[in-house]
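Chemist: Right, I'll just put the structure down here and ask away after.
The values are calculated or read from the model by the stated rules, or taken from the named source; none is laboratory data. Not measured: the values here are computed from a predicted model. For neighbour counting, all protein chains shown are included, and Cβ atoms are generated from backbone atoms with ideal geometry for every residue, glycine included.
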Amino acid sequence: MRQPEQNTTTRRGLLGAVGAAAAASLTGCIGSLDPERTTTDVEHTVSAEAVDQLSLSADDAETTVQTWDEQTVQISATKYAIGQTDLSEVRVTRDVAGGELSVGVELTDNFQLGTVGGGVENMDVRVPSDVTLTRLDTDDGTVSTTDVGGSVDVDIDDGEVTVDGVDELGGSLGDGSLEAVTPVVLDNLRGDDAEVDVRIGDLDGDTTVECDDGRIVARVDPGLDATLIVESDDAKTKFEDSVVDTFETVGDGRLRGEIGDGGDQLRLAVDDGVVDVRSA
């Protein structure tokens, strides 16, 4: 009569062993979900004999652009690869056409099973002083330029860009930020929930800086003559007296004032953000 009980005990022991094995197997699978990440440093040199302009697409990299005394363009970067991706599949591209060097980041589109991915962690670009910047793109990266001139069109997603030395500035932003440390000739800038902080030396004709719920700080250089138009819904507005003496209401949520002797229109438009006009 005890035989069935012995069989029952044996089955329970077997189920326990199977459960323990399954748990161990699951633990091993969970541990394997953390993919391997590899990095390597690369350096590329491009002759500047046929280069007088630079267009840069920085992707998500932390990037610096600066001048140096050499007559070459030097690009130093740290590449990374995740899981099944090989470091050779991540490339820092360098293409020259019509005197413009285009630098970017490219990941070979190979179909692979498992965890894959890669890109560039950081990048340093050095150019001769007579090479100017024409375009600057970034997704979620941080980019800064130093002493690099040019008429620059920016395309920023959620990244952060600081320019120092550029001559003219315009473009578009998503929810990122843009700061011009030195005076620029300002062209149109449009963003979503972006933060824009620019030092304005002059305007490229009638100019609009527009954000949804963002923040616009306009630092006005002495000698700028412009007609200031501020449009907002519920935005907070701040005006330094030394820049704009008086304002008049010219419509619902629309103010008008003169900077200096007046001139081309500087339109600052924000929905629920902040507009701050001050001296540089």
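Chemist: Here's a check for you: in region 95-145, which residue that is of a type in the set (A, V, I, L, M, F, W, C) and free of Cβ contacts under 8 Å to residues at least 12 places away in the same chain is surrounded by the most Cβ atoms within 10 Å (Cβ to Cβ)?
Modeler: A97
Chemist: If I go through region 211-237 residue by residue, how many of them are closer than 14 Å to R278 by Cβ and in contact (Cβ under 8 Å) with a residue 60 or more places away in the chain?
Modeler: Result for region 211-237: 6.
Chemist: Look through region 146-156, keep the residues that are of a type in the set (D, E) and buried (at least 17 other Cβ atoms within 10 Å of the Cβ), and return whichever of them is farthest from the chain's Cα centre (by Cα).
Modeler: Quick first cut of region 146-156, residues of a type in the set (D, E) only: 147, 153, 155.
Now drop any that are not buried (at least 17 other Cβ atoms within 10 Å of the Cβ), which leaves 153, 155.
Details: D153: 13, D155: 8 Å.
Result: D153.
Chemist: Output yes when any residue across region 269-279 is buried (at least 16 other Cβ atoms within 10 Å of the Cβ), touching a strand residue (DSSP E or B) at 6+ places or on another chain (Cβ under 9 Å) and not in a strand (DSSP E or B), and no when none is. Lay out the reasoning, then the answer.
Modeler: To start, the set of residues in region 269-279 that are buried (at least 16 other Cβ atoms within 10 Å of the Cβ) comprises 269-271, 273-277.
Subsequent filtering for residues that are touching a strand residue (DSSP E or B) at 6+ places or on another chain (Cβ under 9 Å) retains 269-271, 273-277.
Now narrow it down to the ones that are not in a strand (DSSP E or B): 271, 273.
Yes, that holds for at least one residue.
Chemist: Filtering region 232-268 down to residues that are modelled with pLDDT of 95 or more and either closer than 24 Å to S177 by Cα or out of contact with any strand residue (DSSP E or B) (no Cβ under 7 Å at 6 or more places or on another chain) (or both), which residue is surrounded by the fewest Cβ atoms within 10 Å (Cβ to Cβ)?
Modeler: Ranking the qualifying residues of region 232-268, first place goes to Q265.
Chemist: Six or more apart or on different chains, Cβ atoms under 9 Å: show the pairs whose first residue is in region 60-84 and more than 21 Å from E160 (Cβ to Cβ) and whose second is aromatic (F, W, Y).
Modeler: Listed by first residue and then by second, the contacts come to Q74/W68.
Chemist: Of everything in region 64-94, what is among the hydroxyl-bearing types (S, T, Y), under 26 Å from T115 (Cα atoms) and either surrounded by 15 or more Cβ atoms within 10 Å (Cβ to Cβ) or under 18 Å from the mean Cα position of the chain (by Cα) (or both)? Give them in sequence order. Write out each step before concluding.
Modeler: Here is the first cut: in region 64-94, the ones among the hydroxyl-bearing types (S, T, Y) are 64, 67, 72, 76, 78, 80, 85, 88, 93.
This time we only want the ones that are under 26 Å from T115 (Cα atoms), so: 78, 80, 85, 88, 93.
Residues satisfying the conditions are T78, Y80, T85.
Chemist: Answer yes or no as to whether L56 is farther than 30 Å from D193 by Cα and either aromatic (F, W, Y) or not assigned by TED's automatic domain parsing to the domain that holds D204 (or both).
Modeler: Numbers: farther than 30 Å from D193 by Cα: no; either aromatic (F, W, Y) or not assigned by TED's automatic domain parsing to the domain that holds D204 (or both): yes.
No: the conditions fail for L56.
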